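Trainee: Can you keep this structure in mind? I'll have questions shortly.
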């Protein structure tokens, strides 16, 4: 199979039937008003997108491009300018930053520049004392010197893109780093004293078996990091990997039965090694979690950089996916937003429930405190109550007096639904906005 939306079968088609969203380009005055006037809550997260890479992995579905020194310098300057611009726009809202993460691309390509970015955030936003700054990193970047630079810059959490401890898998994925790079990177980060270390691992790689995946998981657990996040290899149609699989130049992925075996290997193997599920795809040894999913889904989250998504709680918008146009727009004093849309209370409620169930349980009292009305009434009005009832009937969900939790059986279902959502919504948004920097309107899926 190819793990695209079609490969997921009926569940992918179901998302297309129940969810449609249209993003529209707004004038500067209307855009500023939408962003300023729609914040729900005072605590916010910040996401920073750094799109540059040394090489382009064939399966990567994100906004990225080949790095160049001049490009990076101009981009970091524009990042700081955008932070100042948005900080000024929102200065009267008394917002407090509680979480900052950088993704890409390859944020670990740079080091001391992150100190400038963090300083700019602190100068333009109220940053809470407990706020931690985390970045995604490639193993080959995390030398002793680079890790020291990141710590000095203020980075406290790191997510390392290990993907596999087997060379054939790394070659299949087109990764530049070696197994030895990964082992050294993990050791360097542990020695440096990062507050939280996550490693990303990937399965459903062509030619991979469930037994080989279980072996990879045991090797990952042996490293003793705080968190292990397990992703299947998703292959959206606009990626180079999809083209290679369709043409037969790269073998297709394992079938659905093997997919299910691999998924439950995550739970069972990592469970035996002392890791408990944090979400349906991530596993930790403690309570800490490297994740931006909560704020991406329910807001408020401000995204900076080209291709960054933001969600105020009432308005969702995306920056242009062209780094060149991003730099040009910010340089002219304009918000680099390519499209946005109003999000209803009902949709936000569904997003809140979906996000909490991705973390495997929700408290109904928390929901009612957040939304100010009874859980069942708002779920019925949103159209999501039927999905919850079906989940209970199938044994995927269990409901108590004040809690709904995902069962072991339901974790597989939640996984399929979650990855179908990623392929249908975030990947489709990127696909459309990569076509042209400033489209008038984009409808997804």
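Trainee: Check residue 437 against each of (1) farther than 21 Å from residue 280 by Cα; (2) in contact with a helix residue (DSSP H, G or I) (Cβ under 6 Å, 6 or more places away or on another chain); (3) buried (at least 21 other Cβ atoms within 10 Å of the Cβ) and name the one condition it does not meet.
Mentor: For residue 437, the failing item is (3).
Trainee: Shifting gears a bit: Among residues belonging to region 114-126 that are in contact (Cβ under 8 Å) with a residue 40 or more places away in the chain and not in a loop (DSSP other than H, G, I, E, B), point out the one that is farthest from residue 82 (Cα to Cα).
Mentor: 114
Trainee: Considering only region 282-304, I want to know if a residue exists there that is surrounded by fewer than 15 Cβ atoms within 10 Å (Cβ to Cβ) and under 20 Å from the mean Cα position of the chain (by Cα).
Mentor: Yes: region 282-304 contains one or more residues that are surrounded by fewer than 15 Cβ atoms within 10 Å (Cβ to Cβ) and under 20 Å from the mean Cα position of the chain (by Cα).
Trainee: If you take the residues of region 219-231 that are under 18 Å from residue 136 (Cβ atoms) and out of contact with any helix residue (DSSP H, G or I) (no Cβ under 6 Å at 6 or more places or on another chain), which of them is surrounded by the most Cβ atoms within 10 Å (Cβ to Cβ)?
Mentor: 220
Trainee: Anything in region 10-36 that is over 30 Å from residue 420 (Cα atoms), free of Cβ contacts under 8 Å to residues at least 12 places away in the same chain and part of a helix (DSSP H, G or I)? List them, or say none.
Mentor: Within region 10-36, 29, 30, 33 qualify.
Trainee: Looking at region 37-54, which of its residues are more than 18 Å from residue 309 (Cβ to Cβ) and outside any strand (DSSP E or B)?
Mentor: 37, 42, 54 - these are the residues of region 37-54 that are more than 18 Å from residue 309 (Cβ to Cβ) and outside any strand (DSSP E or B).
Trainee: Collect the residues in region 136-153 that are surrounded by 24 or more Cβ atoms within 10 Å (Cβ to Cβ) and over 12 Å from residue 181 (Cβ atoms), keeping them in residue-number order.
Mentor: Of everything in region 136-153, those that are surrounded by 24 or more Cβ atoms within 10 Å (Cβ to Cβ) and over 12 Å from residue 181 (Cβ atoms) turn out to be 147, 150.
Trainee: Out of (1) over 20 Å from residue 301 (Cβ atoms); (2) in the same structural domain as residue 203 (by TED's automatic domain parsing); (3) at pLDDT below 95, the odd one out for residue 76 is which?
Mentor: (3)
The values are calculated or read from the model by the stated rules, or taken from the named source; none is laboratory data. Just so it is clear, the structure is predicted and the values come from calculations on it, not from any experiment. Neighbour counts are summed over all protein chains in view; Cβ atoms, including those assigned to glycine, are modelled from backbone coordinates with ideal geometry.
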